[in-house]
Amino acid sequence: MDLLLKNAHIIDPNSPFHNKKSDILIKNGKIAEIGKVNSKGAKIIESKNLCVSPGWLDVHANFCDPGNEHKETLQNGIKSAAKGGFTGVILSPASNPIIDSKSGIEYIVNQTKNSVVDVYPTGHLSAKGAGKDLSEMFDMQQSGAIAFTDGKSSINNTELIKLALLYGKKFNALLVLNAEDKNLAADGYINESKVSAQLGLKTRPIIAEDVAVATNLSLLEYTEGRLHLNNISGGRAVELIKEAKKKKLNISADAAVLNLVFNDEEIMGFNSNFKVLPPLRDEQSRKALVAGIKNGTIDFITSNHEPQNIENKLCEFDHAEFGAAIIENTFSVLNTYLNKELSLESIIEKISIAPRKVFGLEIPTIKVGESANITLFDPSEKVVINEKSLQSLSKNNPFIGKTLTGKVLGIINHGKLSA
Amino acid sequence: MEQLSVNHLLGIKDLKKEDIELIFSTADNFKDVINRPIKKVPSLRDITVANLFFENSTRTKLSFELAQKRLSADIINFSASGSSVKKGETLIDTVNNILAMKVDMVVMRHSSAGAAKFLSQNVKSVIVNAGDGAHEHPTQALLDAYSIREKLGSVKGKKVLIVGDILHSRVALSNIFCLKKLGAEVMLCGPTSLIPKFIGELGVKVEHDFMKALQWCDVANMLRIQFERMDTKFFPSTREYVMQYGLTREKLEKVKKNIVVMHPGPINRGVELTSDVADSQNSIILDQVENGVAVRMAVMYLLASKIKR
């Protein structure tokens with residue numbers, strides 16, 4: 001089927017049509033024409049303020065499959081991602097059983113073949129996720145693992161991190177670490193601040209991140225390896241990463257959408273949908289994160305999508321599980337809450353081109369002759385978030401009942417349109 | 001003001017100064033009542049109150065129960081530390097099961113901070129927080145401030161020192177909110193490891209030197225060391241704690257000041273304070289207990305008007 005995108009505002013710094021309005025004709029999955037196009041028989045897509053950009057990539061989503069299909073499945077997770085405008089998703093290995101071997105990687109690859117969203121599995125860095133020994137990273141990479149990570153579980157075994165950084169060098173393994181000192185984080189669940197002083201909830205202080213980031217960067221410098229720090233949440237980490245980048249260490253980092261848009265005041269009402277990892281920090285940390293995004297210290301933004309069934313959230317705050325299922329609304333949330341701090345263009349860059357650079361993926365471009373890997377959206381259209389309209393099987397979404405600005409209209413990938 | 005501005009008593013944080021004053025003036029009346037030969041009034045007749053204690057309690061539970069009996073309420077008691085959770089029943093289900101038996105008001109103690117607020121959002125009943133984790137213990141703070149008011153004439157302008165484990169203490173937090181709202185000055189004293197890093201932002205002073213703190217204060221509220229809440233050793237030994245922060249006759253004499261001594265109970269005698277201090281003229285610990293009943297009567301009486309029947 002041919003598609004004709006009418007009068008679309010193209011946001012793609014790599015395209016000669018960047019920031020221009022134009023028609024785009026897509027034939028057989030390829031961009032056939034850009035300009036004033038009249039094509040009979042093509043399905044026409046138009047919207048008052050139609051924007052198009054290279055397809056978005058989310059780097060930190062959990063689809064809970066296998067093992068926790070009551071929270072989310074691969075097939076439904078793909079639909080949620082598509083609804084959120086993502087043409088690609090990098091999955092966390094935190095399924096049950098966890099993914100720490102070739103067979104786990106192959107399961108994801110086989111189950112997600114030929115879908116409109118490209119799904120990239122990651123494998124556990126440590127065998128059995130135990131944080132003790134290396135997993136078979138090379139074998140997993142051969143089967144399609146894009147990176148290695150113990151997910152939300154931070155590795156505090158410095159010898160293991162050192163070995164992984166050294167061992168992975170030969171085959172260019174990308175290690176993704178959640179930097180947190182477990183002793184300092186203890187089993188706390190909210191930021192330590194004026195807010196925690198009023199709530200009596202157990203704290204997970206920012207110092208736990210600061211210390212672990214410093215340690216990981218020392219190990220990186222020593223090994224001269226390649227490291228990505230996942231879901232950074234505070235200003236000290238941003239500073240440390242900035243210094244490391246100045247020293248030309250092979251380091252990259254990301255921040256999660258909720259940590260960029262909210263501070264820990266949201267916790268004042270004990271709303272468990274704001275119980276996330278890393279915890280929401282104070283306003284100063286949030287601002288430092290946004291500044292880090294702006295100056296490129298933090299490379300990109302992730303959804304940190306973590307579905308949880310209602311029983312895990314509708315309970316006492318300390319019993320509630322961590323996470324928010326917001327892959328569907330990631331763009332709308334950024335566009336609504338960060339539009340004063342970040343331009344639309346840089347928001348888009350941070351969820352499309354920037355993450356692909358870090359993960360070494362081909363960067364789609366809106367140029368004639370290229371395969372169409374495109375996200376369609378309207379940044380001015382309002383969306384009302386309600387439970388019924390959410391695709392995700394889990395409804396732990398802190399935006400239910402809210403109206404956000406910016407709507408994803410669809411994605412085009414592999415010759416398919418999902419809208 | 002004849003009505004509380006809130007429909008539940010979840011924490012002092014949510015109250016206005018006028019609410020606290022209303023509770024105190026109501027408690028004055030009830031204090032008269034409980035000192036009469038006939039101590040019972042019919043104010044809560046035909047109102048059923050469930051006391052749900054998911055965490056151990058002796059005196060708070062007794063105090064609430066007695067307050068309810070004095071008000072002629074019908075009472076059911078449920079004590080089970082974490083048992084419903086162990087059986088897999090959610091808090092909402094447990095409470096709804098009890099409410100299905102036509103209960104109007106729930107007094108709950110729970111080990112989770114925010115549990116009372118959570119309940120108030122999810123079940124149809126008037127909720128009184130009898131302590132939620134390390135968050136709030138509003139009736140304790142009310143009776144503490146009420147006792148200070150009784151002893152010193154007013155709370156405004158008084159210098160109140162809270163000593164001990166501030167980090168794990170719902171009593172400290174509710175006291176801070178309550179005393180600040182009533183215009184008192186508050187100072188905290190205790191081992192640095194047991195004082196939250198950001199507590200100063202609530203407008204309280206922090207002093208680690210116990211003698212200096214004693215010198216400063218009009219009232220010293222000695223908190224109980226909550227060994228049961230500590231999963232780490234925040235100080236090396238009880239002995240060393242007592243050396244630095246235990247209130248003794250000698251320390252009291254040294255400051256040459258008539259300091260009012262309080263304790264929310266139960267006392268670890270010889271730890272927070274020595275027996276001679278606990279039993280001295282300075283101590284209003286037993287007044288606190290008596291006032292507890294009057295204050296809780298006032299709270300439940302005022303909240304009863306919020307019951308939707």
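The values are calculated or read from the model by the stated rules, or taken from the named source; none is laboratory data. Computed from a prediction, not measured in an experiment: that's the story for all the values here. Reconstructed Cβ throughout: ideal geometry from the backbone, glycine too, with neighbour counts over all protein chains shown. With ligands, DNA and RNA removed, areas are computed over all heavy atoms of the protein, side chains included. Shrake-Rupley method; radii C 1.70, N 1.55, O 1.52, S 1.80 Å.
Can you name every residue in segment B:178-199 that is assigned to a helix (DSSP H, G or I) and buried (at least 24 other Cβ atoms within 10 Å of the Cβ)?
B:C178, B:L179, listed by residue number.
Confirm whether B:K212 is away from every other protein chain (no Cβ under 14 Å), open to solvent by 10 Å² or more (accessible area, probe 1.4 Å) and touching a Cys at 6+ places or on another chain (Cβ under 9 Å). Steps first, please.
Numbers: away from every other protein chain (no Cβ under 14 Å): yes; open to solvent by 10 Å² or more (accessible area, probe 1.4 Å): yes; touching a Cys at 6+ places or on another chain (Cβ under 9 Å): yes.
So B:K212 fits the description; yes.
Within segment A:321-333, how many residues are surrounded by fewer than 21 Cβ atoms within 10 Å (Cβ to Cβ) and either more than 17 Å from the chain's Cα centre (by Cα) or part of a helix (DSSP H, G or I) (or both)?
The total comes to 1.
From the list A:T149, A:T158, pick out the single residue that is of a type in the set (S, T, Y) and more than 17 Å from A:P278 (Cα to Cα).
Testing whether each residue is of a type in the set (S, T, Y) and more than 17 Å from A:P278 (Cα to Cα) leaves just A:T158.
Can you tell me which residue in segment A:288-315 is least open to solvent (accessible area, probe 1.4 Å), limited to those that are touching a residue at least 24 places away in the same chain (Cβ under 8 Å), within 14 Å of another protein chain (Cβ to nearest Cβ) and over 19 Å from A:I190 (Cα atoms)?
My answer is A:N309.
More than 24 Å from A:I146 (Cβ to Cβ) and more than 14 Å from chain B (Cβ to nearest Cβ): is that true of A:E224 in this structure?
For A:E224, the condition - more than 24 Å from A:I146 (Cβ to Cβ) and more than 14 Å from chain B (Cβ to nearest Cβ) - is not met.
Please find, among A:S346, A:S352, the residue that is open to solvent by less than 10 Å² (accessible area, probe 1.4 Å), in contact (Cβ under 8 Å) with a residue 40 or more places away in the chain and outside the structural domain of A:P16 (by TED's automatic domain parsing).
Details: A:S346 fails: open to solvent by less than 10 Å² (accessible area, probe 1.4 Å).
It is A:S352.
Output yes when any residue across segment A:189-207 is hydrophobic (A, V, I, L, M, F, W, C) and more than 28 Å from A:Q284 (Cβ to Cβ), and no when none is.
No - not one qualifying residue is present in segment A:189-207.
Residue-wise test of (1) crowded, with 23+ Cβ neighbours inside 10 Å; (2) of a type outside the set (G, A, S); (3) modelled with pLDDT of 95 or more; (4) touching a helix residue (DSSP H, G or I) at 6+ places or on another chain (Cβ under 9 Å).
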{"position": "A:G144", "(1), (2), (3), (4)": "no, no, yes, yes"}
{"position": "A:E159", "(1), (2), (3), (4)": "no, yes, yes, no"}
{"position": "A:N172", "(1), (2), (3), (4)": "no, yes, yes, yes"}
{"position": "A:D181", "(1), (2), (3), (4)": "no, yes, yes, yes"}
{"position": "A:G188", "(1), (2), (3), (4)": "no, no, yes, yes"}
{"position": "A:H228", "(1), (2), (3), (4)": "no, yes, yes, yes"}
{"position": "A:I232", "(1), (2), (3), (4)": "yes, yes, yes, yes"}
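Residue pairs, Cβ under 8 Å, 6 or more apart or interchain, first in segment B:268-279 and closer than 14 Å to B:T238 by Cα, second part of a helix (DSSP H, G or I). List them.
Once the first residue is closer than 14 Å to B:T238 by Cα and sits in segment B:268-279, its partners that are part of a helix (DSSP H, G or I) give B:R269/B:S275; B:R269/B:A278; B:G270/B:V242; B:V271/B:T238; B:V271/B:Y241; B:V271/B:V242; B:E272/B:Y245; B:T274/B:R249.
Output the strands (runs of 3 or more DSSP E) that fall wholly within segment B:1-114 and possess 1 or more residues being more than 20 Å from the chain's Cα centre (by Cα) and more than 14 Å from chain A (Cβ to nearest Cβ), or say none.
B:48-53, B:74-79
Can you tell me how many residues within segment A:387-419 are within 18 Å of A:S303 (Cα to Cα), open to solvent by 10 Å² or more (accessible area, probe 1.4 Å) and among the small types (G, A, S)?
Of the residues in that region, 0 qualify.
Can you name the number of the only condition in (1) touching a residue at least 24 places away in the same chain (Cβ under 8 Å); (2) closer than 13 Å to B:G131 by Cα; (3) of a type outside the set (V, I, T) that B:S112 fails?
The failed condition is (1).
Is there any pair with a first residue in segment A:49-73 that is under 18 Å from A:Q111 (Cα atoms) and assigned by TED's automatic domain parsing to the domain that holds A:K152 and a second that is assigned to a loop (DSSP other than H, G, I, E, B) and basic (K, R) whose Cβ atoms are under 8 Å apart and which are 6 or more apart or on different chains, and what are they?
That search, which allows pairs on different chains as well, returns A:C64/A:K71.
If you check A:S252, A:S272, A:S285, which single one turns out to be touching a Cys at 6+ places or on another chain (Cβ under 9 Å), open to solvent by less than 50 Å² (accessible area, probe 1.4 Å), in the same structural domain as A:D318 (by TED's automatic domain parsing) and in contact (Cβ under 8 Å) with a residue 12 or more places away in the chain?
Being touching a Cys at 6+ places or on another chain (Cβ under 9 Å), open to solvent by less than 50 Å² (accessible area, probe 1.4 Å), in the same structural domain as A:D318 (by TED's automatic domain parsing) and in contact (Cβ under 8 Å) with a residue 12 or more places away in the chain holds for just one of A:S252, A:S272, A:S285, which is A:S272.
Which condition number does A:T336 fail, the rest of (1) part of a loop (DSSP other than H, G, I, E, B); (2) open to solvent by 10 Å² or more (accessible area, probe 1.4 Å); (3) among the β-branched types (V, I, T) being met?
(1)
Looking at this structure, is A:D318 under 27 Å from B:L119 (Cβ atoms) and either open to solvent by 10 Å² or more (accessible area, probe 1.4 Å) or away from chain B (no Cβ under 11 Å) (or both)?
yes
Among the residues of segment A:183-211, write down those that are more than 10 Å from chain B (Cβ to nearest Cβ) and acidic (D, E).
Residues satisfying the conditions are A:E209, A:D210.
Away from chain B (no Cβ under 14 Å) and either surrounded by fewer than 24 Cβ atoms within 10 Å (Cβ to Cβ) or aliphatic (A, V, I, L, M) (or both): does that describe A:A214?
When the stated conditions are applied, A:A214 passes them.
Where residues in segment B:243-285 are in a helix (DSSP H, G or I) and open to solvent by less than 40 Å² (accessible area, probe 1.4 Å), which of them is nearest to B:I162 (Cα to Cα)?
Pass one, segment B:243-285, residues in a helix (DSSP H, G or I): B:243-245, B:249-255, B:275-278, B:285.
Keeping just the survivors that are open to solvent by less than 40 Å² (accessible area, probe 1.4 Å) gives B:245, B:251-252, B:255, B:277-278, B:285.
Working: B:Y245: 11, B:K251: 16, B:L252: 15, B:V255: 17, B:V277: 16, B:A278: 16, B:I285: 14 Å.
Residue satisfying both the conditions and the ranking: B:Y245.
Scan (1) within 18 Å of the chain's Cα centre (by Cα); (2) outside the structural domain of A:D254 (by TED's automatic domain parsing) for the single condition A:T302 breaks and write down its number.
Only one criterion is unmet by A:T302, namely (2).
For segment B:115-142, which residues satisfy the criterion of being away from chain A (no Cβ under 14 Å), part of a helix (DSSP H, G or I) and open to solvent by 10 Å² or more (accessible area, probe 1.4 Å)?
none
Cβ-Cβ below 6 Å, separation at least six or inter-chain, first residue in segment A:375-386 and farther than 17 Å from A:S80 by Cβ and open to solvent by 60 Å² or more (accessible area, probe 1.4 Å), second part of a strand (DSSP E or B) and of a type outside the set (S, T, Y): which pairs?
The qualifying pairs are A:E381/A:K407.
How many of the residues in segment B:217-242 are part of a loop (DSSP other than H, G, I, E, B) and open to solvent by 10 Å² or more (accessible area, probe 1.4 Å)? Give the steps one after another, and end with the answer.
Just the residues of segment B:217-242 that are part of a loop (DSSP other than H, G, I, E, B), to begin with: B:217-218, B:223-226, B:230-237.
Retained after the next criterion (residues that are open to solvent by 10 Å² or more (accessible area, probe 1.4 Å)): B:218, B:224, B:226, B:230-237.
Residues flagged as part of a loop (DSSP other than H, G, I, E, B) and open to solvent by 10 Å² or more (accessible area, probe 1.4 Å) within segment B:217-242 amount to 11.
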